[in-house]
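All remarks here apply to the structure that follows.
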């Protein structure tokens, strides 16, 4: 199965206005935004990250935290609403809105028309977020790294989401059968589920493999720039699909799966190995090296999205990314994101002097918002 990058030129989609009602600690906000850099200054817990999460929600149809939708509704309220006014490079407008009432399904609209399937929206407004939570990519389990792959690929290929949904549904049904006590599971039903897992799993594997291949050179270049060539970094994608046809791999140990009560083989066990100077970064990296690693990884993700999918420059959300980095690495990151390949950027920080230094290095239009207790002034 072969994938191609079709275009290397990207248009820009800008979030010009954001309206928020009852989202986390934000009771109400209506912000006119810069097409360039938007800086959010305030102490921790005041609402800076929640505003970035609202922007993420409008792009990805869910919170970046991975929690249930209902946790996004402000305490004591019954509903929340988000509305984003976007503008394309040619001046044409896009309006995306989301409404969620406690105990009900969320409703997403493009213009006045509600989506029948939320998967249809993913990729319209591509987005990359760099935040302290990214540390889980290094120290967390393999599901965090698979999620990283899934988030970026789903933004540039709708068929990927559908294949992943079908795979996971078949996997869950197979696991239910494997857990059965007493009578043995229906072998014909297991055959059907395993065939679905193999077919959809190999599709997902090919997309993940292609993405990692495209990512590595850009990632290594970004890291070298940020670190001034101090270390070498690597990424390696490891999958059961590399052991042969996935259907054979899954069926080979069906008796073992039955013994443990779940599926031991498949793309739900894939791993993205991350190395620093040839060793696992989770064991070797300092805080600054890990932060540099993650920033380079996300910037290379940004570059991939810009060149694929809808060929739209993603919105870049930088949440408190300069903590634990020395001045040299901060300056290199700022110089990178101030380049012509980047579009609209949102930056949060607790330090006004820090942001002023960043803005001096990043010419062009910007807005500065002071954030306190879910309120925004600027």
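Listing for the model above:
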| quantity | calculated |
| --- | --- |
| Index of the failed condition, residue 144 passing every other in (1) closer than 30 Å to residue 341 by Cβ; (2) surrounded by fewer than 18 Cβ atoms within 10 Å (Cβ to Cβ); (3) touching a helix residue (DSSP H, G or I) at 6+ places or on another chain (Cβ under 8 Å); (4) touching a residue at least 40 places away in the same chain (Cβ under 8 Å) | (4) |
| Boolean, residue 70 is surrounded by fewer than 20 Cβ atoms within 10 Å (Cβ to Cβ), in contact with a helix residue (DSSP H, G or I) (Cβ under 9 Å, 6 or more places away or on another chain) and either free of Cβ contacts under 8 Å to residues at least 40 places away in the same chain or outside any strand (DSSP E or B) (or both) | no |
| Answer residue from the stretch 185-222, given it is farther than 21 Å from residue 146 by Cα and crowded, with 18+ Cβ neighbours inside 10 Å and is nearest to the chain's Cα centre (by Cα) among those | 222 |
| Residue in the stretch 149-159 that is touching a strand residue (DSSP E or B) at 6+ places or on another chain (Cβ under 7 Å) and either in the same structural domain as residue 304 (by TED's automatic domain parsing) or surrounded by fewer than 16 Cβ atoms within 10 Å (Cβ to Cβ) (or both) present | yes |
| Single condition residue 273 does not satisfy, out of (1) closer than 29 Å to residue 202 by Cα; (2) modelled with pLDDT under 90 | (2) |
| Check on residue 219, touching a helix residue (DSSP H, G or I) at 6+ places or on another chain (Cβ under 6 Å), under 17 Å from residue 271 (Cβ atoms) and not in a loop (DSSP other than H, G, I, E, B) | yes |
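The values are calculated or read from the model by the stated rules, or taken from the named source; none is laboratory data. Note that the coordinates shown come from a computational prediction; the quantities given were computed from them, not determined experimentally. Cβ sites come from the backbone with ideal geometry, for glycine too, and all protein chains shown count toward neighbours.
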